[in-house]
Amino acid sequence: MTMDLSIFNRFAITKKGGDIIFCEYEPGDAFYLIQSGQVKIVKIVGELEKTLDILNPGEFFGEMALLEEAPRSATTIALTDLKLLEFNRANFEVLMQGQPQIVLNLLKLFSKRIYDQKRRFMILNFGDDHQARVADVFLMLEENQTRTGDAEDVTRVFANSIEDIANWAGLSVQKVTEVLKQFVNQRRVELNQGKIVVKNINDFTRLVKSKRQE
Ligand code: CMP
């Protein structure tokens, strides 16, 4: 369902690609709805910038500081030129009361974030077992993919970058590259034109299950 947000035009703001919208730990009194462009959500861990998510039109950010009355939990950067709607606390409440579709979208967003955090925790729980961490990232990506085609086919092709996998696995790109090489040597994975081909997804399910029972 698309929402008619034209009545909110007075809340429209623009940002240029590369602009920081707000920084982690700042106090926050506004939340944003993306009308066009992409926003990168990052956390700075030591010297590293960790991407938590990339948001697209129709998605929200900045709601946590507003709802929890806490500082910003992450930094947000305009990946491209942006058109945003910016709501402060008072407007936010009006919006919630008048736009049930937005409330529904927010609930969906929260449940996805809770799911993502639970899933990330399960992956990180494998500790030093880097193979299990990476295999479980593929299982998580598989859970989020809508599948079409042959239900019997156990091959899965992932177009995700190694940086993506590394982010989810909580490992460096170098460590993930090493693990993928091990998987290639064990004939579990093939690297094909920038894509990662898992030859038998059930094999990863078994691997992760057996490690979880250890
Ligand atoms: P807030 O804490 O106000 O500011 C940072 C915003 O980034 C936060 O609200 C959420 O909207 C968003 N955010 C925080 N953590 C994540 C995450 N793990 N995935 C996606 N978005 C997030």
Enumeration of residues in the range 58-72 that are more than 8 Å from the ligand (Cβ to nearest atom) and surrounded by 14 or more Cβ atoms within 10 Å (Cβ to Cβ): Glu59
Index of the failed condition, Phe121 passing every other in (1) open to solvent by 90 Å² or more (accessible area, probe 1.4 Å); (2) over 22 Å from Lys50 (Cα atoms); (3) in a helix (DSSP H, G or I): (2)
Unmet requirement for Gly149, which otherwise passes all of (1) open to solvent by less than 80 Å² (accessible area, probe 1.4 Å); (2) modelled with pLDDT of 85 or more: (2)
Selection status of Ile13, more than 15 Å from the ligand (Cβ to nearest atom), outside any loop (DSSP other than H, G, I, E, B) and out of contact with any Lys or Arg (no Cβ under 7 Å at 6 or more places or on another chain): yes
Residue among Ile114, Ile162, Ile77 that alone is under 15 Å from the mean Cα position of the chain (by Cα), among the β-branched types (Val, Ile, Thr) and more than 27 Å from Glu26 (Cα to Cα): Ile162
Whichever residue in the range 71-115 is charged (D, E, K, R) and in contact (Cβ under 8 Å) with a residue 12 or more places away in the chain and, among such residues, is farthest from Ala169 (Cα to Cα): Arg89
Candidate set from the range 20-53 (those that are open to solvent by 60 Å² or more (accessible area, probe 1.4 Å), more than 9 Å from the ligand (Cβ to nearest atom) and at pLDDT 90 or above); member that is nearest to Phe121 (Cα to Cα): Tyr25
In the range 73-112, the residues that are surrounded by 15 or more Cβ atoms within 10 Å (Cβ to Cβ), part of a strand (DSSP E or B) and more than 10 Å from the ligand (Cβ to nearest atom): Ile77, Ala78, Leu82, Leu84, Leu85, Glu86, Phe87
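Each row is one residue, and each column tells you yes or no for (1) among the polar types (S, T, N, Q); (2) without any contact (Cβ under 8 Å) to a residue 60 or more places away in the chain; (3) closer than 23 Å to Gly127 by Cβ; (4) open to solvent by less than 50 Å² (accessible area, probe 1.4 Å).
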{"residue": "Asp153", "(1), (2), (3), (4)": "no, yes, no, no"}
{"residue": "Asn160", "(1), (2), (3), (4)": "yes, yes, yes, yes"}
{"residue": "Asn167", "(1), (2), (3), (4)": "yes, no, yes, yes"}
{"residue": "Val179", "(1), (2), (3), (4)": "no, yes, yes, yes"}
{"residue": "Asn185", "(1), (2), (3), (4)": "yes, yes, yes, no"}
{"residue": "Lys199", "(1), (2), (3), (4)": "no, yes, no, no"}
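The values are calculated or read from the model by the stated rules, or taken from the named source; none is laboratory data. Fair warning: this is a prediction, and the values are worked out from it, not measured in the lab. A quick note on method: Cβ atoms are made from the backbone with ideal geometry, for glycine too, and the neighbour counts reach across all protein chains shown. Surface accessibility is based on the protein's heavy atoms, side chains included, excluding ligands, DNA and RNA. Shrake-Rupley method; radii C 1.70, N 1.55, O 1.52, S 1.80 Å.
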